Amino acid sequence: MTKILILGAGYAGLRAAKVLAHKKLDATITLVDRNRYHYETTSLAPVAAGTQRGQSVVLPLPENLPAQINFINGTVTKIDRDHKQVALADGQSLKYDYLIVSLGLESEDYGIPGASKYALPIVDLKSALAVKKHLENQFENYATSQDPDDLRIIVCGAWFSSFEFMGALVDRLPKLAEHYNVPFDKIDVQCIEAKDMILPMFDDDLTNYVKQWLKDHKVTLRTGTPIKEVQANKVITADQTYTANTLVWTTGVRGSHVISDSGFEQRRNRVMVTDQLCMEDDSKVFLIGDVSAVRQPGKPYPFAATGQIAFQMAEAAVANIVADLTGQPRQDFVYNDLGTVLGLGHKSGVAKIFGNHKLRGYPASVMKRVIDDRSVLLQAGVKALVKYGRIPL
Ligand SMILES: Cc1cc2nc3c(=O)[nH]c(=O)nc-3n(C[C@H](O)[C@H](O)[C@H](O)COP(=O)(O)OP(=O)(O)OC[C@H]3O[C@@H](n4cnc5c(N)ncnc54)[C@H](O)[C@@H]3O)c2cc1C
């Protein structure tokens, strides 16, 4: 039997496993993840702000997998392509005929001193819950410390998830202030970004909407302000030192370190794949989701790594494996970009969908929820949507 091994049960890996399971192949399908659950990465920002329960963004594994999938709870440390095997941290070694690498993302600190030591990232469920807890602790401390920095939050980087986090914070802060009995007018949220431009996927009209929305909710956005260093409760730029007891790091992401540890040719742990989503020199090793880079027709840079493309890549990689095993020709991957939706808390957002159709405010936030719920629906079905609280009954 052909051994198909999938590394990582995020958007890409879980989708690949589920689609493969229904193909009735003469193959064993093994899915490995370091957690006994799948988490919805696109919903982590509200979890970090505390407006969404962690439980509502996870699907326990292997309970939510079809019976055809053999699930291994383990941490991948190295991929050995010469011997077609993968090493796990507990010493196990897994052989494969076909490999799908979908180990996802890590926080990118761009080598800024102190960033990974003193600022909190939002990249997986544990880190999102750590941000939530840290924030609550500072607000609780304020009663005894009266330290204004306990009520200051600095979001480092104006990346996509930075806005989703600040949007959710705007919803949460009034409740947090009431709960811990702190003066709401003393809460200060700032976002510090190196570039002048924000959200390049949107036009000026939508980015201006976001800027105004932040202003209206007393969030300060400082663009064109590169961070030089991060120290304990301090963010240092060329001109100034900003202090806050909550520093959140959302400047962007890179692929899993397992990619560079395994000797792949890569840039920021993303491997340039062929149009069939495999390696140039190894057609049985596929890389999908955030560990891969896919050529964008007519552009010098690859497609941005998103949940949407991760999903589509999973389906295309599986189709090519199935083609091999059934004697059919492989197909090139064609990305169908359905648009981008940015949620700003529960009641606002911006979106560019179906070409150039724009949404602002509440309709965009509804669209964001529809997309997130569709993803859970595809990964786990209606029962999961209800069970994990996505559809409150
Ligand atoms: C906070 C945040 C918000 C985002 N919001 C959006 C959004 O609104 N829309 C959008 O399209 N994109 C968004 N993105 C990007 C999107 O989430 C990613 O592009 C997408 O998650 C990539 O899917 P993936 O399956 O490649 O990786 P991931 O979702 O990161 O999944 C990787 C999986 O691999 C597992 N894993 C990792 N390392 C190991 C290891 N060594 N051993 C075993 N298992 C391992 C992890 O546990 C995880 O299950 C956001 C990203 C972040 C961080």
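The values are calculated or read from the model by the stated rules, or taken from the named source; none is laboratory data. What you see is a predicted model; the values in this text were computed from it and never measured. Please note: Cβ atoms are built from the backbone with ideal geometry, for glycine as well, and neighbour counts cover all protein chains shown. These accessible areas exclude ligands, DNA and RNA; they are computed on the full protein's heavy atoms, side chains included. Shrake-Rupley method; radii C 1.70, N 1.55, O 1.52, S 1.80 Å.
The table for this structure:
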read-out	value
Extended-chain gain in nm, criterion 0.36 nm per residue less alpha-carbon gap, residue 1 and residue 53	14.6 nm
Protection-proxy order for peptides 313-323, 365-375, each taking the mean of Cβ atoms within 10 Å per residue, highest first	313-323, 365-375
Whether the range 16-114 is rounded, prolate or oblate, judged on the alpha carbon gyration tensor where a/c under 1.5 counts as rounded	oblate
Cα-centred dipole magnitude for the chain, charges only on beta-carbon of K, R (+1) and D, E (-1), debye, nearest 20	760
Amide H partners (placed H, <5 Å) of residue 344, local residues excluded	349, 350
The range 28-97-the range 335-353 distance, computed between alpha-carbon centres (Å)	27
For the range 286-300, Karplus couplings with θ = phi - 60° (6.51, -1.76, 1.60), whole Hz, Gly/Pro x	9, 10, 9, x, 6, 8, 10, 10, 10, 4, 9, x, x, 10, x
For the range 297-330 versus the range 191-208, the gap between their alpha-carbon centres in whole angstrom	29
Cα gyration tensor shape of the range 75-163, rounded if a/c is under 1.5, else prolate or oblate by comparing a/b with b/c	prolate
Size of charge dipole - the range 241-389 - debye, nearest 20, with Cβ of Lys, Arg +1 and Asp, Glu -1, no other charges	880
Backbone HN-Hα couplings from phi across the range 266-283 [Karplus 6.51/-1.76/1.60, Hz, Gly and Pro as x]	8, 10, 6, 6, 10, 9, 5, 9, 6, 5, 8, 6, 10, 7, 4, 9, 7, 6
The chain, accessible surface, carbon-and-sulfur percent (1.4 angstrom probe)	51
Positive-end residue, the chain charge dipole about Cα centroid, Cβ charges, pick of 62, 297, 312	62
Dipole axis of the range 115-174 (+1 Lys, Arg; -1 Asp, Glu on Cβ), positive-most option in 119, 155, 137	119
C-alpha long axis of helix 204-216 to longest principal axis of the chain, angle in °	50
By average C-beta atoms within 10 angstrom, highest first, the peptides 21-27, 157-163	157-163, 21-27
Anchor residue 23: lysines whose Cα lies under 24 Å away (excluding residues fewer than 8 positions away in-chain)	3, 84, 95, 284, 383
Average accessible surface area per residue within the range 1-114, 1.4 Å rolling probe, Å²	41
Along each principal axis, Cα extent of the chain, largest first, Å	67, 45, 43
Whichever lysines have a C-alpha closer than 28 Å to that of residue 211, once near sequence neighbours (fewer than 8 apart) are set aside	132, 133, 175, 186, 195, 228, 234, 347, 352, 358, 368
Residues in the range 302-344 reached by a label modelled at residue 282 [backbone nitrogen below 17 Å; 7 Å Cα→Cβ]	321
Considering only the chain, percent of DSSP beta bridges that pair antiparallel, nearest 5	50
Within-13-Å neighbourhood charge of residue 111 [Cβ basis; K, R +1; D, E -1]	+1
For the range 54-64, 3J(HN,Hα) per residue [Karplus equation, 6.51 cos²θ - 1.76 cosθ + 1.60, θ = phi - 60°, Hz, x = Gly/Pro]	x, 4, 7, 10, 10, 10, x, 10, x, 3, 9
Highest to lowest packing among 330-343, 250-263, 278-291, scored as the average C-beta count within 10 Å	278-291, 250-263, 330-343
